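The structure under discussion appears below in the form of structure tokens.
Any read-out appearing in this document is the output of simple, stated calculations on the displayed coordinates, not a laboratory observation. What you see is a predicted model; the values in this text were computed from it and never measured. Here the Cβ positions follow ideal geometry from the backbone for every residue, glycine too, while neighbour counts run over all protein chains shown.
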Amino acid sequence: MDCPDEFTEFAAAEMARLRRTAYLLCGNWHTAEDLTQIALTKTLLSWRRISRQQNAPAYAHRVLVNAYLAGRRSRKSSEVPVDRMPESSAHPTPADLRLVLLGALATLPPQARAVVVLRYWEDLSVDEVAAILGCSTGNVKSQSARSLRKLRDRLGGSLPELALTD
Amino acid sequence: MIETTVRQLLHEAVEDHEPPFTRDLVAGAVRGARRSRRRHIAAGISVAVAAGPALAFGMPALAGALSPAAQSHQQGAAPAAAGSNSAHPGVTVSPAGSPGVLFIRPTQPPQRAEAHPVPITSQSLGQLLIDDLPADSTFGEVEASTDANPGATLRSADAWFNNVSTPAGSGTVQVSLLAAGQQAFDFGCPAATAAGVSCQVYHLPGGAEVAEEYSGGPNGKTPAQVSVSVFRPNVAQVNVTESNSAMVPPNPVSKGEPLTLSQLLRLALDPRWRFTIGQSFVQHASNLPVAPLNTSGS
């Protein structure tokens, strides 16, 4: 298997971002590395084709998200969604809030979680998210709205000082 | 706005407590791509075998493809290991293996420093592979490549035979080298082995690791694949894979792999598989005709 220098440069530049995205999708850094490696491997396998089209980053991200979704479909998740978040202190610290958000993300269905991560971490447009997930833009919009509503409900109690509106 | 809050918290969540990478993901991706390529090729071969008529297997003669130096070396080479697939000295049975799959506890051969080491060439890679085959092997053209740029972030080198025949069987034998750091990245057995896959890892003195993996091939209809990977810290990660299907039309599936597991293991553990090799060996191999690596599977 040839490994072009351009792929090495691409992977070195993209892998940190891919791993962060993967972490937000799956919730732990170890699995995030596995997902990142899957994405890089599949990107390398198709490198000749996708490098010509100059869309390697988008391709790698699409593979990453699909690998996450496929993994969630093929096995029973070890994450157990709960109705209530663990109790937090009366005056949550910023670190608490991040944990609450990550916990809230874990309660979302896999595709809804992917929508949130792609829209608000990757800052992708609705059209781009729909292309990655292979669904309609309407589906992305509705999943996005539903997910934000759930997150707002979860975070609302932790962020009384924020005016959370749709 | 909830969107702004979510966006801000997502960024803080990943950026504030991001751990360092625990392994070389780029090197792991290259290794994974190689494995995937082999499996893809093997799958293609099995389809071709299933769809096509039964065809007689004829191995191209090797003599014309080799230089006089290579031929004399081949003829003079001592047998790498005697025996057949049914007789493995010192075997251990894989605890999670497929029925009948035997692994061999490896023994590290003496590591000798090369005199006047120089960067390995594609001819040297091909010659090494020829040297490590049993003396009674016949084979076609050797394909090999090595990094043109020794300073590349990720170094790799390969030597392949797409058709090797021995009394034990016929198929492919492929060696891949990856530069190795301190850690054995993406090395060893998968966390969950698929059906028909057996794998076992051994730890050798000095930090070296050896992984033996067998996959597929029930009833001799689908290609089987045997792989031995050796990791030597700060030297190289070597992967040797053989299959009982030749990667040349009509891609026949043999009833046995060309090398016994002990022969494959001996090949993989040859300490000369590294990115430098003695200058005299490079000169010895310089006339070997070597084809560029064909990774297209065609």
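General remarks:
- When A:26, A:135, B:189 are arranged by Cβ crowding within 10 Å, least crowded first, meaning fewest neighbours, the order is A:135, B:189, A:26.
- The residues A:46, B:170, A:136, when put in order of fewest to most other Cβ atoms within 10 Å, stand as A:136, A:46, B:170.
- Among B:166, A:36, B:121, A:31, a tally of other beta-carbon atoms within 10 Å of each Cβ gives an order, fewest to most, of A:31, B:121, B:166, A:36.
- Gyration tensor (alpha-carbon) shape descriptor, segment B:228-298, a/c threshold 1.5: oblate
- Working from label points 7 Å from Cα in the Cα-to-Cβ sense, the residue A:135 to residue B:16 distance is 3.0 nm.
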